[in-house]
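Novice: What follows is a single structure, and I will ask about it in a moment.
Coordinate-derived values only; no laboratory data. Note that the structure is predicted; figures quoted are calculated from it, not measured. No Cβ is skipped: glycine too gets one built from the backbone with ideal geometry, and neighbour counts run over all protein chains shown.
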Amino acid sequence: MADDATRRPRDALLRAAVSGDETAARKAALAGLDAGLGAETVLLEIIGGAQRRIGEQWATNRLTVAQEHAATAINERVIVSLGIAVGRPRPHLPRVVVACVDGEWHVLAARLLAEVLILRGFQVDFLGGQVPPPHLIAHVRSTKPQMVALSGSLAPRLPTAHTTVCACHGAGTAVVIGGSAFGPDGRYASMLGADLWAPGPREAAVELARALPVSPRDTHRPIEDLPHLADQEYTLVTRLRPRLVRAMRTVLDVFPRDHDDRAWFRDSLTQIVDFLGAAVYVGESRPFAEHLEWLEGFLAARGITDGFLSPVLDTLAEELRDFPRTLRILSEVRREVPGR
């Protein structure tokens, strides 16, 4: 929990970023340094704290998508300004490659991890987002890092993360995983065969300093980690995505024709299928249930409180009636949350 020393500059940064005032945002972050806060605290408590609230304000309909993107871009540039202000220590710890799982658009969390590792003396290659596994592995083979750090915020990235973990191990490199996609306890990181999991940048830095060098797992395939994939339900649900999305479009009737978020929700039907696919992939209902809970809150903040999820689940169950494992997940989700 933030104290006054971090709360005030964090809130000042938040106001500046949301209003589009990059100069004021930079001043707010650097004021933390002037007040005696360490660069790591400024990164995680002030910049990271402001970014979390930006996401919350978007989810609760206080910011538009464009405003959220603009504020995030300002925070990214503030990180650059902070790095210039404090300088970079000479690396004295092993090389770590930091990247987002391919398909991950939320890059700032990985950027914060990279900056913390740099401050602690690691040699860091920050590759950012949208790095396809073959390109990541080519970089790993050419630079030979001690560790690859993968960041992912959304459960639909889990299959790609799994493929990437297996590929890194095939290249002889260990993997640490972090981000909300992998569960608050890192449960899915373990399922995917990651060597380490950390709940945040500080914990990752401590764990890497303690554990390196880490011998990676032997080469393995996804089906060896998750034998239930042999039933092909995940593959088939993924292939059926266009048909499932078309079938669910009747739930758009809960939106007035001129509602601002009607188009967004139409696009989110694809995400519903993707999160269901993630649940089928790991063999647990939690990724799907958590997304539906989030979606309910998101829509409630926009005045949509009608029971749209029940017809969604009914439609999916009808379309996927020949998939027993998927049907079990849909039934569990319906039981877990009242009103579904």
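Novice: Quote to one decimal, in nm, the extra length available between residue 187 and residue 246 on full extension: 0.36 nm per residue of separation minus the C-alpha distance between them.
Specialist: Numbers: separation 59, 0.36 × 59 = 21.24 nm, distance 3.27 nm.
That works out to 18.0 nm of additional length.
Novice: Next up: Apply the Debye scattering formula to segment 32-185, with a single equal point scatterer on each alpha-carbon and no solvent, then give log10 I(q)/I(0) at q = 0.12 Å⁻¹.
Specialist: The calculated log intensity ratios at q = 0.12 Å⁻¹ are -0.55.
Novice: HN-Hα J couplings of segment 36-44 from phi, Karplus 6.51/-1.76/1.60, θ = phi - 60°, integer Hz, Gly and Pro as x?
Specialist: Result, rounded to whole Hz: x, 6, x, 4, 5, 5, 4, 4, 8.
Novice: Between residue 267 and residue 294, what is the label-point separation in nm under the 7 Å Cα-to-beta-carbon projection?
Specialist: Here the modelled spin labels are 1.6 nm apart.
Novice: For segment 169-259, run through the trypsin sites (Lys or Arg not before Pro) and keep only the ones in DSSP coil with at most 15 other Cβ atoms within 10 Å of their Cβ.
Specialist: Counting only loop positions with at most 15 other Cβ atoms within 10 Å, the trypsin sites (Lys or Arg not before Pro) in segment 169-259 are 257.
Novice: Which cross-chain or sequence-distant (5 or more) residues have an amide H under 5 Å from the amide H of residue 153, H modelled 1.01 Å from N in plane?
Specialist: So residue 153 has HN proximity to 181.
Novice: Rank 164, 72, 238 by mean-square fluctuation in a GNM of the chain with C-alpha springs under 10 angstrom and give only the top-ranked residue.
Specialist: Greatest mean-square fluctuation among the candidates belongs to 238.
Novice: Between residue 60 and residue 11, what is the label-point separation in nm under the 7 Å Cα-to-beta-carbon projection?
Specialist: Here the answer is 1.4 nm between the modelled labels.
Novice: Suppose only helical runs count, i.e. DSSP H with n ≥ 4. What mean residue ellipticity at 222 nm does that imply for the chain under -39500 (n - 2.57) per run, divided by all residues and rounded to the nearest 500 deg cm²/dmol?
Specialist: Rounded to the nearest 500, it is -18000 deg cm²/dmol.
Novice: Based on Cα coordinates alone, diagonalise the gyration tensor for segment 1-87, multiply each eigenvalue by 5, take square roots, and list the semi-axes in whole Å, largest first. All intermediate terms of the calculation are to be shown ahead of the outcome.
Specialist: On the way: eigenvalues 86, 38, 18 Å².
In descending order, the three semi-axes are 21, 14, 10 Å.
Novice: Roughly what % antiparallel, to the nearest 5, for the DSSP beta bridges in the chain?
Specialist: Details: 0 of 18 bridges.
Here the antiparallel bridges make up roughly 0 percent for the chain.
Novice: Rg(Cα) of the chain divided by 2.2 N^0.38 Å?
Specialist: Computed over Cα atoms of the chain, the ratio equals 1.06.
Novice: Set the Förster distance to 35 Å, then compute FRET efficiency between residue 31 and residue 95 from the Cβ-Cβ distance, nearest 0.05.
Specialist: Details: r = 33 Å, r/R0 = 0.96.
Given R0 = 35 Å and the Cβ-Cβ separation, E is 0.55.
Novice: Here is a follow-up. Run the simple label-point estimate for residue 302 and residue 19 please: 7 Å along Cα→C-beta, distance reported in nm.
Specialist: Placing both labels 7 Å along Cα→Cβ, they lie 2.8 nm apart.
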